[in-house]
Amino acid sequence: MTSMVGAAVIRKEDPNLLTGRGTYVDNLRLPGMLHMAFVRSAEAHARIRGIEVGAAAALPRVHGVFTARDLPELPPIPTVVPGLERPSLARDRVRFVGEPVAVVVAEDRYVAADAVARVTVDYEPLPPVPDLETALAEGAPLLFPEHGSNVYAEIPPAGDAEAALAAAPRRARLRLVNQRCAPAPMEPFGVVADWGPKTLTVWASCQSAHFVRGQLSKLLAVPYGGIRVIAPDVGGGFGAKQSWYPEYVVAAVLSRRLGRPIKATETRSENLVAMTHGRAQVQEVEVGFDDSGRILALRVMVTQDAGAYPGDAVGLPMLTMIMSAGCYRIPTVVTGCRAVGTTTTPVGAYRGAGRPEAAYLIERVIDLVSDETGVDPIEVRRRNFLPADAFPHTTHLGFVYDSGDYGKALRRLLEMIDYEGLRREQAARREDPTRPLMGIGFSTFVEMGGVGPSAMMEGLGMLGGWESARARVNPDGTVTLAVGTSPHGQGHETAFAQIAADALSLPLDRIEVVHGDTEVVQEGIGTFGSRSIAVGGEAVRRASLRAREKATRVAAHLLEAAPEDVELEDGRFFVRGSPDRGIGWEEVANKAYRPTQLGDLEPGIEVAAFYEPGLTTCPSGAHCCVVGVDRETGRVTIERYVGVDDCGTVINPLTARGQVMGGVAQGIAQALYEEVSYGESGQPLTSTLAEYLVPSAAEMPRFELEHVETPTPANSLGAKGLGESGATAAPQAVVNAVIDALSHLGVRELQMPLTPERVWRAIQAAANGGVA
Amino acid sequence: MRIELTVNGRHEAAEVEPRLLLVHLLRERLGLTGTNVGCDSTSCGACTVLLDGQSVKSCTVLAVQADGAEVTTIEGLSGAGGGLHPLQAAFQRHHALQCGYCTPGMVMAAVSLLAEHPHPTEEEVRRGLEGNLCRCTGYQGIVDAILEVARTTGGAER
């Protein structure tokens, strides 16, 4: 049988989704179900003097209006900084626009919205802290006065880079803003909670049903057996659906109070202020280098805007620190970070979570060194690459890069783009004022995938960094795989079936994958950190091989042979040397459940595997973006986008390509279009999709993508994961290209998003002899 | 108010509040949950359906405006046997969907696009989809699926 791993198989998931049979949370209707809606803070920072709910509660078909005082059993949202907990409903103080202050329960969403509009909150405004500058200023208004500072957490630099920077022949600085973005999955967040006498059942648009159950158990003091969490079809997550939201416990507590199932689904306007934002970093970078473009020292200080509460954002700059040196050998690297509170939406993971921010900074550094030395950006990269024989490589913070060959992806990329031809065209266009300027930008990135191991994940508040799979061979010879990962668009039902098909020598259509239900799936961790294939896929392979082992023993008994003499090929078991006298999977599976024919063997074939990875993986790649820049308007057009990814073994080229394209699209979106912004008063200015510019097909280029494969030793598949690679690769490829287009004018820095106005101003400033 | 309309070939009658949106009539009264809601500013197109053959965003149409009209949703697209419409099949072949949330609206927008422009260029397909957002795919699979159907069926298939 030809290998399924590596085959471009179309997805098992698609027919349901294509025909409107998706099971997204908002599609769920339970008997007696009520709708809940939050009254959200209209103020960025204020004391709550009082909340008047009478007019809302008096409306027909309203079942209740509750404030924090009415729900003393409501637990706060967990935090990594004890003492700075976020209440699930604001009690005395609000710290961002959109923070829930009261909750309404009504018979339908229209009545709930009517009731929300009739709740009046008496605010005593406090000074807003809309940005890092305000938060860190002397005498700044404090979000938590009792904490004494808006700095929620800090890791001072370990060591001093000054000596190495001073010793370098040349040095340069960059101040980079990795702007705040909204993950904006097409399906906003939602839950349905149904707390009956026996069980609390929660359907959630989340990235891990098991994580949600664990948190609910802890927060509500209910044993695991009393809680069932189901992640049905989930309409995208991008990291933000791994965050914890007040709806989980508020809906549960209200369901218990009212004895009815409760549905809570965000509108998009709510989503853009309530779902965690991503990125939101300012990086102060200093680099020491020599005239040949060799980098000798790097100092990075990351300031992370955490938003109003210290949640997932505290971990993000640590990941940025770890990956700061990118794919380069730099003798001295010193990094530090702090997470700072502002009166804005809390920040959390967004596709890449701290690593795109690192890739952006080091790849901007490389191009700055190229501009300063006049050495071609490709050559600067080559001169500083970690060589292919440097692995495993231990970074300045002790993190280990598993494997890599950065030159290989770059070589393939250069073959694809005709670099010299592009440079010639660029020069010609510079001389021709009737044509747009042209720029060529590169990004040779490395990131983390296959996230574990457990030592790292426990530090981030997770149960572990392992993953699980259970293989059940049914009496008809089909196989049901239960997996602990929780896909939300990635196509696990297809990719995991491919891995199992090879391990079991079964056709793809005999294998079903189930996930996202704590009642039918053994404990699992979930889907984030490009971990599902690298960690979950290995668990699938191991569980499948164990099932095969048991099936082989059953077959051996039936064939009256020793198990070690039995082989499995093309779905048939036979004694080595006599392939014609074999028995099929169907017969073996069926007999496995008939003890009368099994001798001393235990009936059934059902085995689990829990895989703990020894290493995180490091997917990498080389991308190139070619842009045109309109001289009159500053408008940037992507003329080509070419990428070579190295995620080790590719399980399914079709879906792998989809992951890269989607990630690159989000990276381009960050580079050119998207930014969450706030006014001086702390009011969000981007709370609808009319203001927050998620690009359409008209803004996206055609992608030219390939893979090279440097397997990881972290798992037997050799697969590294690549869900976050595109988003990690793209922003700096685009920004480097635009700066390259303008570099002859003296432009050295531009901050994302590169709106026509920003680019136009840079061109004007350069033309007027100023510095952009 | 009482309204009558045809949805996916079936006659339906409903007593509705004047403010009820068409998408909520479809999803919550008629149980047709294939049409998703992705925003509240007519920006994302997840709720796209055909109203008298034209694609509309059903979150911006009142149910009462559909009185007397013919509505086609994703549930009404495939044949009675449940087979995939050529566009649906092409979407699967070209991996034009990941999470699937934008997909019903995207497919309906594509049906309308090909009805109006049976032989679109790539540029026309991209422009024609401007009102439909997808956060997963980067759009290339969607564009390719539509172009393939346009090539193989002349775009006449409805």
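The values are calculated or read from the model by the stated rules, or taken from the named source; none is laboratory data. Small disclaimer: the values here were computed from a predicted structure and weren't measured. Note: ideal-geometry Cβ built from the backbone for every residue, glycine included; neighbour counts use all protein chains shown. Only protein heavy atoms, including side chains, enter the accessible area calculation; ligands, DNA and RNA are left aside. Shrake-Rupley method; radii C 1.70, N 1.55, O 1.52, S 1.80 Å.
Figures for the structure shown
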item	result
Unit charges on C-beta of K, R, D, E only; dipole of segment A:619-772, Debye	160
Fraction of accessible area attributable to carbon and sulfur, segment A:454-611 (%, probe 1.4 Å)	47
Kirkwood-type radius of segment B:1-89, with distances r between different C-alpha atoms, in Å	13.2
Estimated inter-spin distance, A:Y224 and B:R10, nm [label 7 Å along Cα→Cβ]	4.3
Percent carbon-and-sulfur accessible area, segment B:86-153, ignoring ligands, DNA and RNA, probe 1.4 Å	50
Shape of chain A, Cα gyration tensor, a/c cut at 1.5	oblate
Lysine pairs in chain A with Cα atoms under 24 Å, if 8 or more residues apart or on separate chains	10
Gyration tensor (Cα) of segment A:127-208, equivalent ellipsoid semi-axes in angstrom	43, 22, 16
For segment A:454-611, the spread of Cα positions along each principal axis, largest first, Å	53, 27, 25
A:A58/A:S3 FRET efficiency (R0 41 Å; Cβ-Cβ; nearest 0.05)	0.05
Average silhouette area of segment A:567-619, convex hull of alpha-carbon atoms, in square nanometres	6.8
Long-range Cα-Cα pairs in segment A:532-681 (distance over 18 Å), rounded percent	73
Cα-derived Rg to Rh of chain B, Kirkwood definition	0.97
Number of partner chain Cβ atoms within 10 Å, mean per residue of A:483-494	2
Whole-angstrom Cα spans of segment A:314-463 along principal axes, big to small	58, 45, 27
Extension gain (nm, one decimal) between A:D509 and A:R581, 0.36 nm per residue minus Cα-Cα	23.4 nm
Sequence ranges A:37-44, B:132-139, ranked by mean other-Cβ count within 10 angstrom, highest first	B:132-139, A:37-44
Mean accessible surface per residue for chain B, computed with a 1.4 Å probe while every protein chain stays in place, in Å²	36
Approximate spin-label separation A:E107-A:R170, in nm, with each point projected 7 Å along Cα-to-Cβ	7.4
Helix-derived mean residue ellipticity, 222 nm - over chain A, DSSP H n ≥ 4, -39500 (n - 2.57), to 500	-8500 deg cm²/dmol
Cut-off 20 Å (backbone N to label point 7 Å along Cα→Cβ of A:S681), residues of segment A:339-361	A:342-345
Kirkwood Rh, Cα atoms: Rg over Rh of segment B:86-153	0.91
Å² of accessible area per residue within segment A:251-357, as computed with a 1.4 Å probe and no ligands counted	20
Separation of alpha-carbon centers, segment B:1-47 and segment A:62-80, rounded to whole Å	33
10 Å Cβ neighbours from other chains, averaged over peptide B:15-24	1
For segment A:422-439 versus segment B:80-158, the gap between their alpha-carbon centres in whole angstrom	36
Cα→Cβ-extended label distance, 7 Å offset, between A:R329 and A:D376, nm	2.2
Chain pair B, A: total accessible area buried, heavy atoms, 1.4 Å probe, Å²	4500
Fraction of beta bridges assigned by DSSP in the protein assembly as shown that are antiparallel (%, nearest 5)	80
Extended-chain gain in nm, criterion 0.36 nm per residue less alpha-carbon gap, A:Q764 and A:A390	130.1 nm
Residues in segment B:83-118 that a label on A:T23 would reach, taking backbone N under 16 Å of a point 7 Å out along Cα→Cβ	B:100-101
Cα centroid separation, segment A:645-662 to segment A:577-638 (Å)	14
Efficiency of FRET between A:E425 and A:Q751 - r from beta-carbon atoms, R0 30 angstrom, step 0.05	0.65
Other protein chain Cβ atoms within 10 Å, averaged over every residue that makes up A:668-680	0
